[in-house]
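This report concerns only the one structure given below.
Taken together, the values in this text are just the output of simple stated rules run on the coordinates, not laboratory data. Remember, predicted model here, so these are calculated numbers, not experimental data. Cβ placement follows ideal geometry from the backbone for every residue including glycine, while neighbour counts extend to all protein chains displayed.
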Ligand SMILES: Cc1cc2nc3c(=O)[nH]c(=O)nc-3n(C[C@H](O)[C@H](O)[C@H](O)COP(=O)(O)OP(=O)(O)OC[C@H]3O[C@@H](n4cnc5c(N)ncnc54)[C@H](O)[C@@H]3O)c2cc1C
């Protein structure tokens, strides 16, 4: 495991820390109280400065203008960015765009790269990933109703999706649709197809209200109808029937990105918890920090955050060395473990703040609402625990399949 990081990575981290703490944190109160689109002018001018500082798109390889970091190195950057809800967006490495860029870099044709990837890398457009359907269990991605039928040189897509994050304002969607319903292997029936959002038949029905908030633009989760949505067959990513394999490939590094972002959130929550405990008086001269329960929360959080980071970095370096397929159980392990730690640390930090913790005077309540989803998206806890247990039990001669 390459930890502590190389000097180049330390330099990037230090520049990033300075920028985020001096500029991005100051925009958070506005972020917490206004629709996302109202912040865009300020965010765009900050993005210009990020580019000038060489901090733009830190996940990209050198040939696409990035710093060429390994996944374990980018993980440390992702943690730093995670300390503010604006971090990943400012550097253009936010989900779902980061995963879509990775897919297009690995599987896009030259034309797809020109049309979709390069504008995405430049931050000129946004994208979304449209797989989950309200009528089917999203945790079983091989089961879906959306179809893409060949007609002349085109695919005609019909279906119904929801939780397509960031669809509002996106210029294209990567849509998972069944192209080969007769394939004997159910994991070879779907494909991923690029659909410009201005295609006739692509219709956002609503932004689903999540934890009391509909959100807007990048911070939204759309329900979408695809009705005779016609795109050229050359818009397919990879080959017909590869949709599931590409989705799995996208999710491996994607889960590392999420886990490290969550560790960044934990660190910020830890910082807020300790600084509040160190200044809030329960009575004249009696600090909240003097209570043993609070000290236990601080100690437990410290241990759990440090353990999470080491587990994620170990998984990231395994992916760097052997690829995501070789780290499947490790990825599942960190996905449910770190999501659980995130929730514990946020909850303790809110409890330490008392009523203030529930207000929007800190980022804590935003994260508490927003990140409950961490135990559900990219696979619910229960599915990941099954993957880990199945692998462990195999060594004892038991084969439990999903
Ligand atoms: C904030 C957020 C953003 C999202 N963004 C996107 C996006 O951009 N694009 C997209 O396509 N999708 C997105 N999703 C959807 C997400 O991928 C699905 O919610 C997820 O795959 C779970 O599917 P489901 O909600 O249909 O739950 P279901 O599959 O119906 O499962 C319901 C519950 O059943 C339990 N369960 C499921 N399977 C098992 C099992 N094998 N063993 C034991 N228990 C089990 C779990 O507790 C689970 O929570 C997003 C979801 C959220 C919450």
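Points to keep in mind about this one:
- Angle in degrees between helix 292-322 and the longest Cα principal axis of the chain, rounded to the nearest 10: 30
- Calculated [θ] (222 nm, deg cm²/dmol) that DSSP helices of n ≥ 4 give over the chain, each run adding -39,500 (n - 2.57): -15000 deg cm²/dmol
- Scattering profile of the range 219-298 at q = 0.14, 0.18, 0.19 Å⁻¹ [log10 I(q)/I(0), Debye over alpha-carbon scatterers]: -0.74, -0.94, -0.99
- Rounded tilt (10° steps) of 71-82 against the dominant C-alpha axis of the chain: 60
- Efficiency of FRET between residue 30 and residue 279 - r from beta-carbon atoms, R0 25 angstrom, step 0.05: 0.50
- Calculated FRET efficiency, residue 300 to residue 369, Cβ-Cβ distance, R0 = 25 Å: about 0.60 to the nearest 0.05.
- Residue-span extension gain [residue 248 to residue 211] - 0.36 nm each, minus C-alpha spacing: 10.5 nm
- Distribution of pairwise C-alpha distances over the range 43-142, 10 Å bins, in %: 14, 44, 30, 11, 1
- √(5λ) per eigenvalue of the Cα gyration tensor, the range 242-284, largest first, Å: 42, 7, 4
- When each of the peptides 164-175, 351-362 is scored by how many other beta carbons lie within 10 Å of its residues on average, the order from highest to lowest is 164-175, 351-362.
- One chain, two ends: residue 113 and residue 326. Fully extended at 0.36 nm per residue, the span grows by 73.9 nm beyond their Cα-Cα distance.
- Where the Cα pairs of the range 303-402 fall when distances are cut into 5 Å bins, in %: 2, 12, 17, 18, 18, 13, 8, 6, 4, 1, 0
- Between residue 158 and residue 376, the C-beta separation translates, for a Förster distance of 22 Å, into a calculated FRET efficiency of about 0.25.
- Pair-distance profile P(r), taking every C-alpha pair of the chain, with 20 angstrom steps and integer %: 26, 58, 15, 1
- For the range 251-356, the spread of Cα positions along each principal axis, largest first, Å: 58, 20, 15
- Helix 243-279 axis, angle to the chain major axis (alpha carbon atoms, nearest 10°): 20
- Extension gain for the segment residue 383 to residue 51, taken as residue separation times 0.36 nm less the Cα-Cα distance, is 115.6 nm to one decimal.
- Zone residues, the range 330-346, relative to residue 393, backbone N less than 18 Å from point 7 Å out along Cα-to-Cβ: 330, 332-333
- Note on the range 155-227: Cα Rg divided by 2.2 N^0.38 Å, N the number of residues, gives 1.21.
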